[in-house]
Every structure is written in structure tokens, then in C-alpha cells.
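The values are calculated or read from the model by the stated rules, or taken from the named source; none is laboratory data. For clarity, every value in this text was computed on a predicted model and none was experimentally measured. Glycine also receives a Cβ, built like all others from the backbone with ideal geometry; neighbour counts cover every protein chain displayed.
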Ligand SMILES: Cc1cc2nc3c(=O)[nH]c(=O)nc-3n(C[C@H](O)[C@H](O)[C@H](O)COP(=O)(O)OP(=O)(O)OC[C@H]3O[C@@H](n4cnc5c(N)ncnc54)[C@H](O)[C@@H]3O)c2cc1C
């Protein structure tokens, strides 16, 4: 029997991870990425929790990520007054022997680690290939057409093309667009923070300001990495730009101003920073149609959580492994896609909902500036963090079963 070939659109987290998972499942693929290299907000950083790391482990890709990331063990909450309102172990920490605890790394570093690992496994990644359309022949073969005039053929097409997915609208022209959450996430890196303001090693310091929320942690070299959830409507690309020193300073000063009336160290942490990135925060509560004929979406293309729960990348990684298992174990592409959706939809939509709830809390409404001793972001996380994919177990017929 001829080996199936998958066209993967998008070389982000889901794209590289799907290619590796398919490779493990014995299915060939090629990755087609729009940008000449990486993603445009690759300067930001992210956290991978235990569930995402364990999903990486199912295809033996976790070491590549562990090698280039650093751990966190605890979370400290600070009020806008600067008073500590509690320190606790980070959710999904390394309490159990052999467990993978949360890891922080730059998005660009994660991309590079996954790309290098995929290439090491003989995956082809083509850059400068922006999908514009796709046709499915009566026999199910797909032709993807790219903006540079080239095309590629495969037996199936997997849209890992992120939040503003073209594949999603090719599958369902009526698919809803992402919703702006009313926040702009700004992040940056501060090489020298006064010791009294810097978070202790291994700690995420979360500061609930009166007008915005700041989270920060210290990298092993002492540089403080921070993100701020700031209130604001959707901005266009020019407004979000931070490429020139003036643009970068404008966003930095804006964030400093949001914390300037607080007595917390937030403004001090942001003041000396560099490498600023500003991003619209979106989510997508429900994409009604995930697949049609030989095309499917996964990762942010199918479901996008607001950044607050820090789970979007882990969901994309889990999706990739589960889809590869379905394609490995079920005879038809359409059957595999249906099974994939039944295994994943409830979980990812619950994560989107959880993030949306947090979103309402991290940027306080005017009357809501008192610190909360306990946040619901870490309570009741077992269903989220304890999710495991058993690579060796075949995907069964029972809809709704665990992957
Ligand atoms: C500010 C912020 C902070 C976040 N923090 C965290 C965090 O701490 N932890 C976490 O788990 N998640 C976090 N997330 C969410 C996480 O970044 C996403 O869920 C994750 O990147 C989704 O991966 P993906 O591969 O599906 O999409 P993406 O990473 O967006 O990759 C999509 C890829 O497709 C390419 N592409 C797009 N269109 C086309 C096209 N037409 N043709 C070809 N290629 C195309 C893009 O260039 C890109 O490389 C955060 C998100 C934001 C915005």
C-alpha cells in the first residue's frame, strides 16, 4: 500500500509537533510555513505545563525542550501595595518523582528546538509558503496552493496555521473569527532589576495592580522576564510594532504608567526592559467545523484560549499527538478526523472557557482592586495537568474515551 503523505500548513508549535508525531506513526509529511523563518511575535516567552511536556514525551521530543528552558517551583502573589498575599507551589510542579514541572522559554527558542528535532527526524520544512487555497479531488487527494504561485499535493491537509487560519475558512467559509478579549499582552526582558524588586529564583511573581496585571520570573542568568495583561481594544500591526527603539519605548512607558500609582515593584521591573513585544489577546470559544473531506484544523486554528491560562501551546502539542494516533489506527482519513474531534473537542473548549474566566479577573474592573488570596487558575487543575496520551494504546471505537 502506498504511504500516505500529509501537507501540514504552518510551521509553528502544532506544525512541527504534528510532523514529528506523524513520523512516529509512520506517516510522511511536509511542513509549509508562511514566514521566511519563525513567527512574527517570536520574541515573546511562554510556559509549558506538565500536560504539554508529557505530550512531548510521548514522541520523545521533551528533552529538546527541557534542554533550552528553565523551571519554576512556586508562585508568589503581590497586591498593588507590594504586600505579599501568599506563596504556594506552582500548579503541576515536580512533586512526583520523574514528573515534568512547568518550564519557561522564549517562543523563538521553542520553535527552533521543535524545528531542529523535526529536521533531525527527516521532516521537510519549507519556508515562504503561505497557503491561499486548496482543492480536494474526488479521490480525496488535496492540492495546496501558495501565495508564491507554487503548489503541493498530498493525501490530507492539516491546518496548523494558527489563530487567523486560512485552512479554517477553507473548511468552513462561515467559521467564526477570533474574538478580541479586550486586553493587550505586553512582555519584555529586564537585565538589571534591583534585588528588592526582582522575583526570587524559581518563582513566578504575580502582581495584581490597580490597572493591569504583571507576571514575572528570573531566568538563570538573572534577567527578569515579564508579561503584563493590560486593558485595551484591538490594535493593528503598526500600533503593536516594537521594532524601533521609539516604538519599544512607547509600549514600555505605557506599561510603566499603568503601574506607576501602585506601590508594588511592577513599574520598577518594567522600566529598564528591552525586547518588548505587544500582542492582541484573542480567544475562540467554538469552531463548529474542524474538518471537511481531507482537511482538518488543530491547535490555535481550531480553538484558541486567551493567554491567561498559559495552555494554548500545550493544547496544540496534545492535539498533534492525538491526531497522529487517530491517523495511525483508523483506516480512513475522515474516520480519523471524526475520532480526533471527539477525543479533543470537550477538553480544549473547557480550557478556552477557563482562560476566558481568568481573563475577566486579571485586568481588574474599577471596583475590583483588592487582592485575592487564592486564584481559581490553579485550583482544580488535575483534569488539565494530569492528561496523558498513551502512545502504545490503539485508538478505540468508544467516542469520548481518553486518548
Ligand atoms: C501573549 C501570549 C502569551 C501566550 N503564552 C502562552 C503560554 O505561556 N503557554 C502556552 O501554552 N500558550 C501560550 N500562548 C498560546 C500559544 O502561543 C498558542 O496557543 C500556540 O502558539 C498555538 O500554536 P499553533 O502552532 O497552533 O499556532 P502558532 O504558534 O500561531 O503557529 C501557526 C504557524 O502558522 C503559520 N501560518 C499562518 N498562516 C499561514 C498560512 N496561510 N500558510 C502557511 N503558514 C501559515 C504562522 O506563521 C505560524 O508559524 C500565548 C499566546 C499569546 C498571544
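Side notes on the structure shown:
- Residue list for region 136-149, filter: more than 11 Å from the ligand (Cβ to nearest atom), surrounded by 13 or more Cβ atoms within 10 Å (Cβ to Cβ) and within 20 Å of residue 173 (Cβ to Cβ): 136, 142, 143
- Residue match in region 75-91 (condition: under 29 Å from residue 275 (Cβ atoms), within 14 Å of the ligand (Cβ to nearest atom), assigned to a loop (DSSP other than H, G, I, E, B) and in the same structural domain as residue 34 (by TED's automatic domain parsing)): yes
- Residue match in region 74-96 (condition: in contact with a strand residue (DSSP E or B) (Cβ under 8 Å, 6 or more places away or on another chain), within 13 Å of residue 313 (Cβ to Cβ) and at pLDDT 95 or above): no
- With respect to the conditions (1) over 26 Å from residue 79 (Cα atoms); (2) within 16 Å of the ligand (Cβ to nearest atom), residue 238 lacks only one, and its number is (2).
- Residues in region 325-336 that are under 26 Å from residue 310 (Cα atoms) and touching a strand residue (DSSP E or B) at 6+ places or on another chain (Cβ under 9 Å): none.
- Region 278-303, subset within 8 Å of the ligand (Cβ to nearest atom) and within 19 Å of residue 230 (Cα to Cα), residue surrounded by the most Cβ atoms within 10 Å (Cβ to Cβ): 281
- The residues of region 246-277 that are surrounded by fewer than 21 Cβ atoms within 10 Å (Cβ to Cβ), touching a helix residue (DSSP H, G or I) at 6+ places or on another chain (Cβ under 6 Å) and farther than 15 Å from residue 211 by Cα amount to a single one, 271.
- Counting only residues that are assigned to a helix (DSSP H, G or I) and more than 23 Å from the chain's Cα centre (by Cα), region 240-251 holds 6 of them.
- Failed item in (1) within 19 Å of residue 304 (Cα to Cα); (2) out of contact with any strand residue (DSSP E or B) (no Cβ under 8 Å at 6 or more places or on another chain), with residue 178 passing the rest: (2)
- Any hit, region 183-198, residues being free of Cβ contacts under 8 Å to residues at least 60 places away in the same chain and either touching a strand residue (DSSP E or B) at 6+ places or on another chain (Cβ under 7 Å) or in the same structural domain as residue 288 (by TED's automatic domain parsing) (or both): no
- Qualifying residue in region 174-187 (condition: buried (at least 18 other Cβ atoms within 10 Å of the Cβ), over 30 Å from residue 267 (Cβ atoms) and at pLDDT 95 or above): yes
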